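First comes the structure, then the notes that go with it.
Quick note: the coordinates plus some simple rules give every number you see, no bench work behind them. Predicted model only: the values in this text are computed from it and were never measured. Please note: Cβ atoms are built from the backbone with ideal geometry, for glycine as well, and neighbour counts cover all protein chains shown.
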Amino acid sequence: MAGWINRNQQNAIEYLREEVRVLSEQLGRRPRFSDEQRLRLAAKAKRLTPGSLQTMASIVTPRTLVQWHQRLIARKYDGSRRRGPGRPRTGQGIRDLIVRMARENGSWGYRPIQGALANLGHQVSRGTIAMVLKAAGIESAPERRKGTSWKEFLRAHWEVMAAADFFTVEVWTALGLTRYHVLFVIRLATREVTLGGIIPEPHGQWIKQVARNLTDGLEGCLSGCRYLVHDRSPLFSEGFGMVLRGASIEPVRLPARSPNLNAYAERFVRSIKEGCLEQIILVGEASVHRAALEFLAHYHQERNHQGLENKIIRPQFNPLPSHGAIKCRRRMGGLLRYYYREAA
């Protein structure tokens, strides 16, 4: 019985071998296997010895079957799907903090930034800081220290800076329509505005006297200032600058055609013109003084300023009363209005 079973198995094997040869001759080329087919053949070949594989007619070599089997073993222990892509990416919050520190501190290099981050509980390598700054287009500390931006200059001297500017207004006089020049000074930190003077045609002696009034030690609005920003108008003469320097105030002339660098003064001009002067017909110089002073009173005591957290510069009540009858104060015939609660 055992011999009969052995002969039947041998006959079946010889038939299958011959069938493989016929199929190989019909294909005419090496067949392509899918991953699943490779694994199936490798699992079956594991049960045979290398000598048995050599004597069998097959469509792949024994060496190929062994390699497929080794690949099957490697696949069993492959943990790449459970691993991350490498070192975790630096969080966006930390990246933003690195960029902020570099921009706000021009002299800080990689090490100071690394130390400041460590104080906040973030352990970041020097190379990561360099990579983040490079991606943000920020140069290294030695390059950033070569120059000071206008924004950095303003931030460093904010409390001791003021700006001056002229604007013009058309006034009806006995000689007809006359253009008047109005000079004002604004403190950048508090937004307080002082009227410097009003004159049809400014001249050297007038502007020097205005400078003396502004720098007066008792009543001058520039007391405590170190810098005065103004444009390149010839009205700001050399005599004007000499008076300022005599009071330890350095005049800062802006580049030509750069109104954005004196944005606070330019914004005040727009406010007083749109809110007051362009809404009325001015007759005589006295009307200009009266309108400008009325607007300044409203500007300081009644107008909310977005740049100051929407607060009033000089509030009449501090804190503002939350109870009481609501009143309305009118200036310029109701052109300027202020609503408030009457103090108890």
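Things worth noting here:
- For Leu218 and Arg245, a Förster radius of 25 Å and the Cβ-Cβ distance give a FRET efficiency of 0.80, rounded to the nearest 0.05.
- Charge tally in the Cβ shell below 13 Å around Arg341, where Lys, Arg are +1 and Asp, Glu are -1, Arg341 excluded: +1
- Taking label points 7 Å from Cα along the Cα-to-Cβ direction, Thr178 and Ile5 give a separation of 13.2 nm.
- Cβ-defined net charge surrounding Cys225, 13 Å radius [Lys, Arg +1; Asp, Glu -1]: -1
- Calculated FRET efficiency for the pair Arg87/Ser287, C-beta based, R₀ 56 Å, to 0.05: 0.15
- Global geometry of the stretch 169-221, whether rounded, prolate or oblate, following the gyration tensor of its Cα atoms and the 1.5 cut on a/c: oblate
- Modelled this way, with points 7 Å down the Cα-to-C-beta line, the labels at Ser140 and Arg226 are 3.1 nm from one another.
- Gain on full stretching of the segment that runs from Leu308 to Ala43 - 0.36 nm per residue minus C-alpha separation: 87.6 nm
- Three-way shape call for the stretch 158-281 based on the alpha-carbon gyration tensor, with the a/c threshold at 1.5: prolate
- The modelled label-to-label distance for the pair Ile73/Ser271, using points 7 Å beyond Cα in the direction of Cβ, is 8.2 nm.
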